[in-house]
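The values are calculated or read from the model by the stated rules, or taken from the named source; none is laboratory data. The model shown is predicted, which means the values in this text are computed figures rather than measured ones. Quick reminder, even Gly has a Cβ in these numbers, built from the backbone with ideal geometry, and neighbours come from all protein chains shown. The protein model used for the area step is the full one, side chains on, heavy atoms only, and it has no ligands, DNA or RNA in it. Shrake-Rupley method; radii C 1.70, N 1.55, O 1.52, S 1.80 Å.
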Amino acid sequence: MTANPAADIAGAIRRGEKTASGVLEEHLARVQAREPEIHAFNLVLEENARDTAAQIDAAVARGVDPGPLAGVPIALKDNLCTRGVPTTCSSRMLAGWRPPYDATVVARVTAAGAVAIGKTNLDEFAMGSSTENSAFGPTRNPLDPSRVPGGSSGGSAAAVAAGFAPLALGSDTGGSIRQPAALCGVVGTKPTYGVVSRYGLVAFASSLDQIGPFARSVGDAALLFDVIAGHDPADSTSLAGAPPVASAALEHGVDGLRVGLVTELVGAEGLSGEVVAGTRAAAEALASAGAKVEEVSVPATVYGLSAYYLIAPAEASSNLSRYDGVRYGHRATGAADITDMYIASRSEGFGPEVKRRIMLGTYALSAGYYDAYYGQAQKVRTLIIRDFEVAYQSFDVLLSPTAPGTAFPLGAKTADPLLMYLNDVCTIPSNLAGHPAMSVPWGAGADGLPLGVQVLAPALGETVMFQVAATLERLAPAAGRKVES
Amino acid sequence: MATPISTADVAHVARLARLALSDEELDQFTGQLAAVLAHAADIEALDTAGVPPTAHALPIHNVLRDDVVVAGVDREEVLAQAPAAESGRFRVPRILGEAP
Amino acid sequence: MSRSEWEMVIGLEVHTELRTATKLFCGCANHFGDEPNTNVCPVCLGLPGSLPVLNRTAVEYAIRIGTALHCTVQPSLFHRKNYFYPDMPKDYQISQYDVPINADGWLALPDGRRVGIERAHIEEDTGKSTHVGESGRIHGADHSLVDYNRAGVPLVEIVGRPDLRSGDDARIYVDELRAILVATGASDGKMEEGSLRVDANVSVRPRGAADLGTRCEIKNMNSLRSLGRAIEYEATRQITLLEEGGTVSQETRHWDEGTGRTSTMRSKEDAYDYRYFPEPDLVPIVPSEEWIRAVADALPPMPGDRRSAVAAAAKLAPDADPVVTVVRLDLDSLLHAAVAAGADGGLAVKRLANEVASSLERAAVLDPVAFATVVQMESRSALTPAQARTVLKDLLEGGGDPAAIAKAHGFEAMASDALADAVDQVIAENPGEWERFAGGEDKVQGFLIGKIKAATGGNADLKEASALLRGRRS
Ligand SMILES: [Mg+2]
Ligand SMILES: [Zn+2]
C-alpha cells in the first residue's frame, strides 16, 4: 500500500497505467477473503461496481478523463440514498427499500469517477458508537475482530481499514465518523455543517448531521472532501459560495500556527490515561514542528454530552416519525386500524436503541418538559458556540483526544447506554457548534490498537485543519497492528 | 431538577411515539432514560437567563427557490415500494378519527 | 335566561391554498384534480433523506396577504408540528408557530367594524384520504386510500380574533376575507374545491360578561351557508347545556351538513401533544424592507377601498347594497370611467348594480363611454328610466351608439313644455281624481301618472311628471 492509495489509484487510472476493473477486482478479492468475518457491508455491489469500472475504463480508452476519483472504489454508509439500490440504515424498518433517487454526495462521487463498491453497516439509523446496534449483526474491527470498529459509521471505517476500499463516506452527528476512524486507525473527517449537502442522507438529527470522508491518509481524505464539498440547492442548510479547499495547504507544515489543547476535553469524563498521554504527545510534536501550543479552556464543552443527548434524540424522534408503514418500509400485518398498524410496525421495525432515543427525544419535547430539556440544551449550544468563538480568537486550531480509549470488545458497553454515550464526549462539541473536526491516527495503545487525535477548527476552517492533520500524520509514532501486508 | 421520569411518563411517551412496550421493556427503559436525564441535571441547573437558544448553528436565512415545476417521481416506482397500494393510492387500514 | 341574554363569541381560522405553480417545499405542480399521486416527489412523499426548500412565490403571496390585512410583516421561523396521520407524509407538519410571518392586523367589515387578525402564517397542506366501504365516510370504512398530490401545497392560515358575534357576522367576515384574498392574487378563494377552509371557535357568555366562555372548535363547514348554520347550532347547543346546569368542555367538533348538528371528533384521552420545535431543515425568513415595500406597492386596491371610492362617487354608504354589488362584480372601473365622462355617480351605480349586473357576461364588452352617455341621457331626462334600461340592454347585447339606439326605438324625449301640456290635459280630463289629489290624497298620484304615461305614449319622464303634478297642487 502506498501513502495515498486513492490518489495513487486515480492517478494511475487517469494515466492509463491501471484499469478501474483491475483495481476493483483486487479490492473485491480482499472483500471476499475477509468480509465474512468483518461484516463491513450490508450489501456488496459487485455487479454495479463492475459495470461502473468498465465504463470508466472505456472512458479512459476514449481519452475522456473520468475525474479526480477515477476508478477508486468507495464504500457508502447505508444511510446514503442510492437510486434503485437498497438503503436500509441497518434497520428492519427499511429492509428492502430502494430509493428512487441518489443522495447528492453519491451523485458527486460518481460524477468524479468513483466506483461504489458497497453499502456499509452502521448502528441502526446511525444511533450508536459501536455498530452493534445493527439489525443485520455487528461489524468487527479488522485490526482485532473481537473488538468493535466504533460507530455509527463502523462499516465504513472497517471497510477502509480492511483495505476493502481506499475511501468511504460516513455520517457524523456526534462523532460517528471520527470515533470509528480512531478505533480503526484511519482518517475520518466531519466537515463544517452546511459544507457537504445532506440531501439523500437519511436524517438522524438534522441540525447536527454531516457527511464526511474516511481514508487511509489525510491526503486521500482531502481529495474526497474536495469532491463532496460545495453548495447544493436541494439542501436549505447548504452554504452558498465556494467551499474551503482541504488539499490547499497539506504540505505547509505548522510553523507559526497557534494550536490550543482543550483543557476540558483532555480532562473529560472516562478517558483512558494512554489517550490523554497520546494527545499531549501529539501537541508536543506540533510544538517541535514550530506551532505555538498552549492549553486553552473552552468551558461550556463540559455540557456538550448532556445537551447532545437531548437535542439529537429530540430531532430524531421527529425525523423517525415517518417510518409508519404507510408509504415504504416495514408494515406489521393484521392490524385492525391505522393506529394499531403504526404501533405494531414501529415496534417490530425499530431496535431497542432507536426506541430509547425516540422516547428520550419525545419526552424532551413534550408539554411541560420542553423548556427544561430541549430549550435549555439549545441555550447550552449557544454557550458552546460562544466559548469556541473566544478560543478561536487566540488559536487557529484546537486539539483533543478523539475517543476515550482504543477499540473495546463487543458487548462491553451494550448494557449501559450512558457508558456507550460517553464515547462521544470529545467529538460532540464540534457537532453542536457546526464546526469541522477530524481524527488522525496517533500511535497505539498498550493493546496494540490504534489511538486517534482530534483536530478541531472554526467554521469553514477545513484548510488549516487538514494542514495540521497532515503534519500530525507525518509526525505520528508508528502504529501498532496494521491490517494490510 | 425535574422529578425523575416514571414508568407512567415512559408509557405516555411511548404512546405519543406510537411504540408498544412490554412491562419488562417499560421498566428497563425507565431506568435507562432516568440515568441519561440525571446526567443532564448539569445543564438543567445552569443559569441561562438571557441566553438565546441556537436552533441552527449557521447564521443563514432566506434560502428560497424559484416557483418552477420540476418533474417528480414516477407513481408506479413509488407505489411499488409501498406495503399496500390500490387504484394509484397508498392503502392503509381504517382510520378511526379525523385529522387534528 | 332567554337567548337574547346570551352573547356569542366567534373567532375564525381560515386556511387558504396559495395559487403558486409548485408546492411549498418542492417543485411538484400545485394543481387540483390530477390523477392521484402524480404530482409527487421524494420531498412531498416524506421519503427518507429528502429535504424541503422554500418556494419564494409562496412567501411573497403570504406577504401580500399580511399586507392586505394590515399585519406587521416580520422575520419568521418554521416549526414542526408532530402528529401521526396517514395524509401527513412525514408525520409532522411544517408550519409557523410562535414567530409567524404576519402578525397583528385587522380586517374591516363592509359596515366599518374591524375584526382583529392575530396572525397569518405559512404552512403545508396534507394529502387526501378516500374512505372505502359502504358508507364512503371515515366511520365504518373498511380501509382508506391516500393521495399525496395535495401534500405540501402552500397554505396561509389566517387566525382571526374572537371579535365576531353571530353566524351572520362570520359569513360576512369570510366573504370579505375571501374577496381580499382573491384581490391579492394569492388565492382563488374556492370554498367548494377546498382551497378555502374555515374552522370556527365558538363560545357563549352572558351578555355583558367580560370573561370568555369555554370554546369549541367546529370543523367541516364547506360553504358560507353551512358556516352560519354550524355556528348558530353550536351556540344554541352550548346555551342549552349551560342553562341546564352543565358545562361546555373544550373540544373539536365536527359539523354534519346532513343532520345539521355538531358532534365530538375524538375522545379526550387522545389529546394531542404536538411537540413543536424549530424545523432544523429550514432557515429563518427575514424579508427585507425593500421586498415588503415592493409587494405592498404592487397590491391592487382592496375591496374595502374600492367600496369607499364607489360610495363616494354615488353618494351612498359603503355598505349600501348597490355599492357592494358593483365592487363584488368588478364593475367599479366602469363606474369610475362613466363618472369621469360626466355621468351621475348615483344613477350609474344603480344601472350597474341592476341592468349590467344581470347580464354580467356582456359587461366585459360594455364601452364605458357609451355607458356614460346612456346615464347622462337619463340624468337630463333625454331618456326616461324605462327607455334608458332598454337602450342599455341593446348596448350590452350588441354595442353601438346610444343616441342611435334611442332614435331607432323612437325614444324622442319630450320637451318640458310638451310634458306640462300633457299634465294639464290629464288634470282637465280627470277632475274628480285631481280634486282628491289636490286635497292631499297622495295615493291618487299613481292613477294620474298612469294617465300621463298613456297620454305621452310612454315617453314622459315620470319623475318630472310627478314633480309637475305636485307643483300644480298648491
Ligand atoms: Mg394550521
Ligand atoms: Zn414534491
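Tabulated data
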read-out	value
Members of the stretch A:329-381 found to be in a helix (DSSP H, G or I), among the polar types (S, T, N, Q) and more than 7 Å from every other protein chain (Cβ to nearest Cβ), listed by number	A:SER345
Out of A:GLY241, A:GLY185, A:GLY270, sole residue that is without any contact (Cβ under 8 Å) to a residue 60 or more places away in the chain and open to solvent by 20 Å² or more (accessible area, probe 1.4 Å)	A:GLY241
Looking only at the stretch A:199-225, and only at residues there that are open to solvent by 10 Å² or more (accessible area, probe 1.4 Å) and within 24 Å of A:TRP442 (Cα to Cα), the one that is nearest to the other protein chains (Cβ to nearest Cβ)	A:LEU223
Lone qualifier among A:PHE395, A:PHE388, A:PHE408 - being modelled with pLDDT of 95 or more, farther than 30 Å from A:ASP255 by Cα, open to solvent by less than 30 Å² (accessible area, probe 1.4 Å) and in contact with a Leu (Cβ under 9 Å, 6 or more places away or on another chain)	A:PHE408
Top-ranked residue in the stretch A:68-101 [being closer than 14 Å to A:ALA49 by Cβ and part of a strand (DSSP E or B); ranked as nearest to the other protein chains (Cβ to nearest Cβ)]	A:THR82
Count of the stretch C:186-229 residues which are surrounded by 16 or more Cβ atoms within 10 Å (Cβ to Cβ), in contact (Cβ under 8 Å) with a residue 40 or more places away in the chain and more than 14 Å from chain B (Cβ to nearest Cβ)	19
Residue within the stretch A:402-413 that is polar (S, T, N, Q), part of a helix (DSSP H, G or I) and either farther than 30 Å from C:PRO278 by Cβ or in contact (Cβ under 8 Å) with a residue 40 or more places away in the chain (or both) present	no
Lone qualifier among C:LEU24, C:LEU12 - being within 31 Å of the chain's Cα centre (by Cα), more than 21 Å from A:LEU201 (Cβ to Cβ) and more than 14 Å from ligand 2 (Cβ to nearest atom)	C:LEU12
Close pairs (7 angstrom Cβ cut-off, 6 or more residues apart or separate chains): on the phi > 0 side of the Ramachandran plot in the stretch B:74-90, hydrophobic (A, V, I, L, M, F, W, C) anywhere	B:SER87/C:LEU145
Matching option when the condition is exposed (fewer than 15 other Cβ atoms within 10 Å of the Cβ) and part of a helix (DSSP H, G or I), among C:SER308, C:SER333	C:SER333
In the stretch C:47-67, the residues that are away from chain B (no Cβ under 12 Å) and open to solvent by 10 Å² or more (accessible area, probe 1.4 Å)	C:ARG64, C:THR67
Of the criteria (1) farther than 25 Å from C:ARG225 by Cβ; (2) away from ligand 2 (no atom under 16 Å from the Cβ); (3) open to solvent by less than 30 Å² (accessible area, probe 1.4 Å), which one C:LEU107 fails	(1)
Unique match (being in contact with a Pro (Cβ under 7 Å, 6 or more places away or on another chain), closer than 22 Å to C:HIS254 by Cα, free of Cβ contacts under 8 Å to residues at least 24 places away in the same chain and more than 16 Å from ligand 1 (Cβ to nearest atom)) among C:HIS143, C:HIS139	C:HIS143
First in the stretch A:289-318 and more than 14 Å from chain B (Cβ to nearest Cβ), second anywhere and among the aliphatic types (A, V, I, L, M) and outside any helix (DSSP H, G or I), Cβ under 6 Å, 6 or more apart	A:ALA289/A:VAL254; A:GLY290/A:VAL254; A:ALA291/A:VAL254; A:ALA291/A:LEU257; A:ALA291/A:VAL259; A:VAL293/A:VAL259; A:GLU295/A:LEU261; A:VAL298/A:VAL262
Single residue of C:ALA183, C:ALA151 found to be farther than 23 Å from C:LEU109 by Cα and touching a residue at least 12 places away in the same chain (Cβ under 8 Å)	C:ALA151
Matching option when the condition is over 23 Å from A:GLY351 (Cα atoms), out of contact with any Ser or Thr (no Cβ under 9 Å at 6 or more places or on another chain) and open to solvent by 10 Å² or more (accessible area, probe 1.4 Å), among A:ALA70, A:ALA116, A:ALA54, A:ALA111	A:ALA111
Some residue of the stretch C:3-26 being among the charged types (D, E, K, R) and within 9 Å of another protein chain (Cβ to nearest Cβ)	no
Any helices (runs of 4 or more DSSP H) falling wholly within the stretch C:367-432 and containing at least 2 residues that are in contact with a strand residue (DSSP E or B) (Cβ under 9 Å, 6 or more places away or on another chain) and closer than 15 Å to C:GLY458 by Cβ	none
Count - residues of the stretch C:27-37 that are out of contact with any strand residue (DSSP E or B) (no Cβ under 7 Å at 6 or more places or on another chain) and either more than 7 Å from chain B (Cβ to nearest Cβ) or within 14 Å of ligand 2 (Cβ to nearest atom) (or both)	5
Test: residue in the stretch B:70-93 that is polar (S, T, N, Q), in a loop (DSSP other than H, G, I, E, B) and within 8 Å of another protein chain (Cβ to nearest Cβ)	yes
Any hit, the stretch A:380-388, residues being aliphatic (A, V, I, L, M) and free of Cβ contacts under 8 Å to residues at least 60 places away in the same chain	yes
Tally of residues being part of a loop (DSSP other than H, G, I, E, B) and more than 30 Å from A:ALA332 (Cβ to Cβ) across the stretch A:103-115	3
Condition check for B:ASP47: among the charged types (D, E, K, R) and not in a loop (DSSP other than H, G, I, E, B)	no
Single condition C:GLN74 does not satisfy, out of (1) farther than 19 Å from B:VAL78 by Cβ; (2) within 15 Å of ligand 2 (Cβ to nearest atom)	(2)
Per-region count, the stretch C:58-109, residues more than 16 Å from ligand 1 (Cβ to nearest atom) and hydrophobic (A, V, I, L, M, F, W, C)	11
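Residues are listed down the side, and each one gets a yes or a no for (1) within 16 Å of ligand 1 (Cβ to nearest atom); (2) open to solvent by 10 Å² or more (accessible area, probe 1.4 Å); (3) in contact with a Gly (Cβ under 6 Å, 6 or more places away or on another chain); (4) of a type in the set (A, V, I, L, M, F, W, C):
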residue: C:THR16; (1), (2), (3), (4): yes, no, no, no
residue: C:LEU24; (1), (2), (3), (4): yes, no, yes, yes
residue: C:ASP34; (1), (2), (3), (4): no, yes, no, no
residue: C:VAL40; (1), (2), (3), (4): no, no, yes, yes
residue: C:LEU45; (1), (2), (3), (4): no, no, no, yes
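Yes/no matrix, rows are residues, columns are (1) modelled with pLDDT under 95; (2) within 7 Å of another protein chain (Cβ to nearest Cβ):
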{"position": "B:ALA2", "(1), (2)": "yes, yes"}
{"position": "B:VAL10", "(1), (2)": "no, yes"}
{"position": "B:ALA14", "(1), (2)": "no, yes"}
{"position": "B:ALA17", "(1), (2)": "no, yes"}
{"position": "B:ALA20", "(1), (2)": "no, yes"}
{"position": "B:THR30", "(1), (2)": "no, no"}
{"position": "B:VAL36", "(1), (2)": "yes, yes"}
{"position": "B:ALA40", "(1), (2)": "yes, yes"}
{"position": "B:ALA45", "(1), (2)": "yes, no"}
